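I have placed the structure first, in the form of structure tokens, so that the comments after it can refer back to it.
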Amino acid sequence: MLKEAGAKMININQQTIQLDDLSDYLTTKEQKDIVTKMVKSKEVFYFQTLSEFEFELLFRTKTLKAAHDLNNSKVQFTTFTYAFCNRKYWDRLGNGGFLLKSNVRPSVAILDILKNGSLYAFDCSTGIAIVLYLATLYSIGSRRFDLLFDRLLLLDWQFHNPLRLTQKYGNDFIPGDIVHFNNPDVNPKEAHWRAENVIFMSDDQYYGHGVGIKKASTILSFLNKKRKPNSRIPAYLMNLITRPVYQNFS
């Protein structure tokens, strides 16, 4: 649905909400940035209740925190073939995934990635999954997280639990969204750089495991150096947005 002139793109309980109506709820720069971009978006953001809106706002801010936390840890980037983890909490599977041990609390194990980052290495998609699990933990607390994420599996985009993702086409990114850089002419010798999945942090700032928090131009320059000789197709930022289904937890 396209935005009409002067329209506000947040709807709570069938009421159109203006930015000024939410001033009491916006106490941080991150919150104001998220809601401002929602209002300016071409998309209409529908919420059945105010609590549902508040939870999405919380989850998005915690996604930004989780991205910063993982970026500041000592985790390493690698491919599935060479992925490794702290064997105290996880079993390393043959496909490069990490399966939570049966006697371990999920919240303890996921936080260990930040605490003992040097004991972990994984690909960019698993990195984004870890950001989402951290954001979920930060948003709902350890007790509920442990109940919902028993026998957690960290592997690419595989989610066998209440954390579900939805996708839409567009380029009106909201902080906390997952977006995607594509590199179709990647050098076959470095095929793992065919794409980079990132968290949109703020205006022209993106977090990706393996590249850090960078501007789009910096990430594109890096990916273009990974193209095959005589490539004609440069890397580009896709018009694709991936988001958790926040209502599953609110």
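The values are calculated or read from the model by the stated rules, or taken from the named source; none is laboratory data. Every value quoted in this text rests on a predicted model; they were computed, and no experiment measured them. Note that each Cβ is placed from the backbone with ideal geometry, even for glycine, and that neighbours are counted across all protein chains shown. Only protein heavy atoms, including side chains, enter the accessible area calculation; ligands, DNA and RNA are left aside. Shrake-Rupley method; radii C 1.70, N 1.55, O 1.52, S 1.80 Å.
Computed from backbone phi with θ = phi - 60° and the Karplus coefficients 6.51, -1.76 and 1.60, the 3J(HN,Hα) list for segment 235-250 is 5, 8, 8, 6, 8, 9, 10, 10, 9, x, 8, 4, 5, 5, 10, 6 Hz; x is used for glycine and proline.
For segment 101-250, report the accessible area per residue in Å² (1.4 Å probe, heavy atoms, rounded to an integer). Intermediate values should be presented prior to the final figure.
Values: 6620 Å² over 150 residues.
It amounts to 44 Å² per residue over segment 101-250.
Measuring with a 1.4 angstrom probe and ignoring ligands and nucleic acids, Ser221 comes out at about 60 Å² accessible. Computed over the alpha carbons of segment 8-145, Rg followed by Dmax gives 18.2, 53 Å. Scanning the chain for DSSP H helices at least 20 Å long along the axis (C-alpha atoms) with a Kyte-Doolittle mean no lower than 1.6 picks out 124-140.
Hey, if you put +1 on the Cβ of every Lys and Arg and -1 on every Asp and Glu Cβ in the chain, which of Phe84, Leu26, Pro184 ends up farthest toward the positive end of that dipole? Farthest towards the positive end: Phe84.
The stretch between Tyr169 and Asn95, if pulled fully straight at 0.36 nm per residue, gains 23.6 nm over its current Cα-Cα span. What residues qualify as long-range amide H neighbours of Asp156, i.e. H under 5 Å apart, gap of 5 or more or another chain, H built at 1.01 Å from N? Long-range HN contacts for Asp156: Thr126. About the centre of its Cα atoms, the chain shows a dipole size close to 880 debye [charges on the beta carbon of Lys, Arg (+1) and Asp, Glu (-1) only; nearest 20 debye]. Spacing of the modelled spin labels on Glu54 and Asn239, each 7 Å from Cα toward Cβ, amounts to 3.7 nm.
I'd like the distance separating the alpha-carbon centroids of segment 131-183 and segment 196-213, in whole Å. With segment 131-183 and segment 196-213 each reduced to a Cα centre, they are spaced 15 Å. Note on the chain: with neighbouring protein chains present and a 1.4 Å probe, carbon and sulfur make up 49 percent of its accessible heavy-atom surface. Convex hull volume of the Cα atoms of segment 96-212, normalised per residue: 130 Å³.
Take every pair of alpha-carbon atoms less than 8 Å apart whose residues are at least six positions apart; their mean separation over the length of segment 167-209 yields a relative contact order of 36 percent.
Across the cross-link table entries Lys74/Lys228; Lys65/Lys215; Lys40/Lys65, which are compared at the Cα atoms, the separations over 25 Å belong to Lys74/Lys228. The 3J(HN,Hα) values that the Karplus relation (6.51, -1.76, 1.60; θ = phi - 60°) gives for segment 9-16 are, in residue order, 9, 10, 10, 10, 6, 6, 10, 6 Hz. Gly and Pro appear as x. Listed values for segment 202-209 are Karplus-derived 3J(HN,Hα) couplings in whole Hz (6.51 cos²θ - 1.76 cosθ + 1.60, θ = phi - 60°), namely 6, 4, 6, 10, 9, 9, x, 5, and x replaces Gly and Pro.
If R0 equals 51 Å, the separation of the Cβ atoms of Asn230 and Ser118 corresponds to a calculated FRET efficiency of about 0.85. How much mean residue ellipticity at 222 nm does the chain get from its helices, if each DSSP H run of length 4 or more adds -39500 (n - 2.57) and you divide by all residues, to the nearest 500 deg cm²/dmol? Taken over the chain, the calculation gives -10000 deg cm²/dmol.
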